[in-house]
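Peer 1: Below is a structure I'd like to ask you about.
The values are calculated or read from the model by the stated rules, or taken from the named source; none is laboratory data. Owing to the predicted nature of the structure, the values given are computational and were not obtained by experimental measurement. Here the Cβ positions follow ideal geometry from the backbone for every residue, glycine too, while neighbour counts run over all protein chains shown. Keep in mind that these areas ignore ligands, DNA and RNA; they rest on the heavy atoms of the full protein, side chains included. Shrake-Rupley method; radii C 1.70, N 1.55, O 1.52, S 1.80 Å.
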Amino acid sequence: MLKGKNIVVGVTGGVAAYKACDIVSRLKKLGAEINVIMTHSATEFVQPQTFQALTQNPVTIDMFETPRYWEIEHISLAQKADVLLVAPATANIIGKVANGIADDMLSTTIMASTAKVVFAPAMNTKMYQNVIVQENIKKLKALGYSFINPDSGRLACGDIGEGKLCEVEKIIDTVLAIALPKQDLQDKNLLVTAGPTVETIDPVRFITNHSSGKMGYAIAEAAQSRGAKVTLISGPTNLHPPKGVDVISTTSALNMYDAVMGHYQQQDIIIKSAAVADYRPENPSDIKVKKQDGTLSINFVRNPDILMELGTKKTNQILVGFAAETNNLMEYATGKLVKKNLDLIVANDVTENGAGFGADTNIVHLIDRQGNQTKIEKASKLEIAHKILDKILQLK
Ligand code: PMT
């Protein structure tokens with residue numbers, strides 16, 4: 001299954017390093033060519049000979065050991081990797097990569113690689129929840145690095161909480177999905193909108209919403225990896241767009257409307273995950289509004305409903321909307337599905353923990369025109385994105 005694929009597995013120093021033996025063994029059985037890079041700390045937990053026997057390849061630890069062949073090793077491993085998996089990933093390796101430190105074989109190889117890098121963190125709960133570690137993870141995610149969230153449970157140190165290396169099956173599934181992406185959207189044009197809109201009040205003030213763009217960018221990444229030609233129309237976000245995707249940056253709802261209307265005709269699939277302002281200030285001021293005694297009133301006028309208009313204009317396109325609700329989720333989402341003439345609606349209750357605005361995960365219900373409902377339990381936005389695409393491909 002993984003024949004011809006090169007996987008570099010980075011093993012760092014944590015108790016879970018022993019689980020890397022199982023991971024490496026399973027990937028090898030699937031036919032992958034595997035090279036293991038261990039940090040010095042990892043060798044305190046597992047002997048390099050174990051990985052050497054499992055992979056039938058030498059294990060790399062030191063930057064300056066005598067080369068086995070004439071090549072610069074961290075560069076050659078970085079270049080040949082189809083996937084670079086770090087499991088277990090300590091706070092130390094995550095911190096190094098997030099801050100551009102390349103001072104050993106593993107961090108140098110990661111830095112020199114253009115392959116998809118996946119971290120499977122494992123560490124003490126307090127360490128995992130430490131704001132610096134979380135900021136480093138956030139930064140790396142925004143830069144396109146993937147993370148497989150740790151599980152909760154009893155940790156080696158005796159604490160109970162999140163920080164346990166996730167199930168080995170989940171790691172293998174993630175590697176498989178990256179190394180062998182389905183190509184079931186080949187030749188399809190897919191447009192996705194993401195992020196918030198920004199409505200000007202005056203040159204220094206605006207109104208917007210809490211959308212980070214993560215959901216829409218995840219859809220763009222998933223669709224691109226499955227072979228689609230993706231156009232991402234994005235409001236202002238701090239995210240780096242996935243490689244290979246055409247990006248159109250927008251600000252206001254009117255701006256997004258123009259961009260969508262200019263591109264919808266050539267699409268096979270349109271997914272509107274952007275959080276578009278329903279109203280904008282009627283008369284934005286050209287100069288800064290000065291404060292005065294008393295209250296300030298701003299008149300708002302309606303923005304066009306981009307999705308609704310697409311529903312009236314669409315020909316052969318599959319049209320997918322989102323519904324962000326705080327109450328009566330299924331009723332309101334179904335209402336939007338019908339009113340906006342959609343093929344599918346993705347309903348998310350944005351008050352749920354781990355769902356909606358800004359979160360790395362989401363919890364959604366998919367509702368199609370026949371009224372079929374599927375709940376997708378809490379999962380990363382990338383996993384949710386793949387499930388939405390799976391459902392779109394099954395629509396009749
Ligand atoms: O960006 P993240 O931080 O990852 O958060 C993800 C999300 C919560 C923004 C996303 O999952 C989501 O729910 N997006 C839809 C947000 C929204 O505007 O929902 P709505 O129920 O108000 O709108 C319904 C649909 O109509 C949406 O597809 C929206 O894009 C569209 N719409 C709304 C108003 C408008 N004027 N034009 C539109 O096209």
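Peer 1: How big is the gap, in Å, between the Cα center of the stretch 208-262 and the Cα center of the stretch 108-185?
Peer 2: 24 Å
Peer 1: Restricting attention to the stretch 91-159, which trypsin sites (Lys or Arg not before Pro) occupy a DSSP loop and are surrounded by at most 13 other Cβ atoms within 10 Å?
Peer 2: Taking the stretch 91-159 and a limit of 13 other Cβ atoms within 10 Å, no loop trypsin sites (Lys or Arg not before Pro) are found.
Peer 1: Further, regarding this structure: Go through the stretch 219-310 and name the trypsin sites (Lys or Arg not before Pro) that are in a DSSP coil and have 16 or fewer other Cβ atoms within 10 Å of their Cβ.
Peer 2: Lys243, Lys288, Lys290, Lys291
Peer 1: Same structure, new question: Per the 1.4 Å probe, what fraction of the accessible area of the chain, in percent, lies on carbon and sulfur atoms?
Peer 2: Carbon with sulfur: 51 percent of the solvent-accessible area.
Peer 1: Quick check: the distance between the Cα centres of the stretch 13-41 and the stretch 319-396, to the nearest angstrom?
Peer 2: Cα centres, the stretch 13-41 to the stretch 319-396: 37 Å.
Peer 1: Also, quick follow-up: Obtain the nm distance between the two label points defined at Leu296 and Met330 by a simple spin-label model: each point lies 7 Å from its Cα along the Cα-to-C-beta direction.
Peer 2: That separation, rounded to one decimal, is 4.4 nm.
Peer 1: Treating the beta-carbon of each Lys and Arg as +1 and of each Asp and Glu as -1, no other charges, what is the dipole magnitude of the chain about its Cα centre, to the nearest 20 debye?
Peer 2: For this selection, approximately 560 debye.
Peer 1: Taking each full run of DSSP H in the chain as one helix, which ones are at least 30 Å long along their axis (Cα atoms) and have mean Kyte-Doolittle hydropathy of at least -1.0?
Peer 2: Helices passing the filter in the chain: none found.
Peer 1: So, one more: Name the residue from Pro58, Ala253, Thr334 whose Cα lies farthest towards the positive end of the charge dipole of the chain, charges +1 on Cβ of Lys and Arg and -1 on Cβ of Asp and Glu.
Peer 2: Sorting the options by dipole projection puts first Thr334.
Peer 1: Nearest 5 percent is fine: what portion of the DSSP beta bridges confined to the stretch 309-393 is antiparallel?
Peer 2: Counting only bridges with both partners in the stretch 309-393, antiparallel ones make up about 60 percent.
Peer 1: Right, something else. How large is the accessible surface per residue of the chain, computed with a 1.4 Å probe and reported in Å² as a whole number?
Peer 2: Computed with neighbouring chains in place, this is 49 Å² per residue.
Peer 1: Averaging sequence separations of C-alpha pairs under 8 Å and six or more residues apart, then dividing by the length of the stretch 247-320, give the relative contact order as a whole percent.
Peer 2: 43 percent
Peer 1: Still on this structure, please answer the following. Arranged from highest to lowest average of other beta-carbon atoms within 10 Å per residue, in what order do the peptides 234-241, 127-134 appear?
Peer 2: 234-241, 127-134
Peer 1: Among Gln52, Gln370, Gln224, determine the one that fluctuates most according to a GNM of the chain built with springs between C-alpha atoms less than 10 Å apart.
Peer 2: The residue with the greatest mean-square fluctuation here is Gln370.
Peer 1: Have a look at the DSSP beta bridges in the stretch 6-179 and tell me what percent are antiparallel, nearest 5.
Peer 2: 20 percent
Peer 1: Determine the shape class of the stretch 1-110: with a ≥ b ≥ c the square roots of the Cα gyration tensor eigenvalues, call it rounded for a/c under 1.5, and otherwise prolate if a/b is greater than b/c, oblate otherwise.
Peer 2: rounded
Peer 1: Work out the charge dipole of the chain with +1 on the Cβ of Lys and Arg and -1 on the Cβ of Asp and Glu about the Cα centre, then indicate which of Asn124, Val198, Val346 is farthest towards its positive end.
Peer 2: The listed residue farthest towards the positive side: Val346.
Peer 1: Each label point is 7 Å from the Cα along the Cα-to-Cβ direction; what then is the distance between the points at Glu377 and Asp258, in nm?
Peer 2: The modelled label-to-label distance comes out at 4.7 nm.
Peer 1: Counting DSSP beta bridges with both partners in the stretch 189-394, what percentage is antiparallel, nearest 5?
Peer 2: 40 percent
Peer 1: Kindly flag which residue pairs out of Lys170/Lys387; Lys138/Lys272; Lys336/Lys378; Lys214/Lys340; Lys19/Lys141; Lys138/Lys288 have an alpha-carbon separation exceeding 27 Å in this structure.
Peer 2: Lys138/Lys288
Peer 1: Based on the Cα gyration tensor of the stretch 189-394, what are the three equivalent ellipsoid semi-axes, each the root of five times an eigenvalue, rounded to whole Å and given largest first?
Peer 2: Square roots of five times the eigenvalues give 29, 19, 17 Å.
Peer 1: Along Cα→Cβ, 7 Å out, is where each label goes; now give me the distance between the ones at His210 and Arg154 in nm to one decimal.
Peer 2: With each label placed 7 Å out from Cα toward Cβ, I get 3.7 nm.
Peer 1: Still on this structure, please answer the following. For the stretch 6-179, build the charge dipole from Cβ charges (+1 Lys, Arg; -1 Asp, Glu) around the Cα centre, then report which of Val15, His40, Ile171 sits farthest towards its positive end.
Peer 2: Positive-most Cα among the choices belongs to Ile171.
Peer 1: Which shape class applies to the stretch 14-63: rounded if a/c is under 1.5, otherwise prolate when a/b exceeds b/c and oblate if not, where a ≥ b ≥ c are the square roots of the Cα gyration tensor eigenvalues?
Peer 2: oblate
Peer 1: Counting alpha carbon pairs within less than 8 Å and at least 6 residues apart, what relative contact order, in whole percent, applies to the chain?
Peer 2: After rounding, I find 10 percent.
Peer 1: Moving on to the next point. With a cut-off of 8 Å between alpha carbons and a minimum separation of six or more residues, what is the relative contact order of the stretch 6-179 in percent?
Peer 2: Once divided by the residue count of the stretch 6-179, the mean separation gives 22 percent.
Peer 1: Using only the Cα atoms, work out Rg/Rh for the chain, with Rh taken as the Kirkwood radius, to two decimals.
Peer 2: Reported Rg/Rh (Cα atoms, Kirkwood Rh): 1.03.
Peer 1: With r as the distance between the Cβ atoms of Leu180 and Met63 and R0 = 30 Å, compute the FRET efficiency 1/(1 + (r/R0)^6) and round to 0.05.
Peer 2: E between Met63 and Leu180, to the nearest 0.05, is 0.40.
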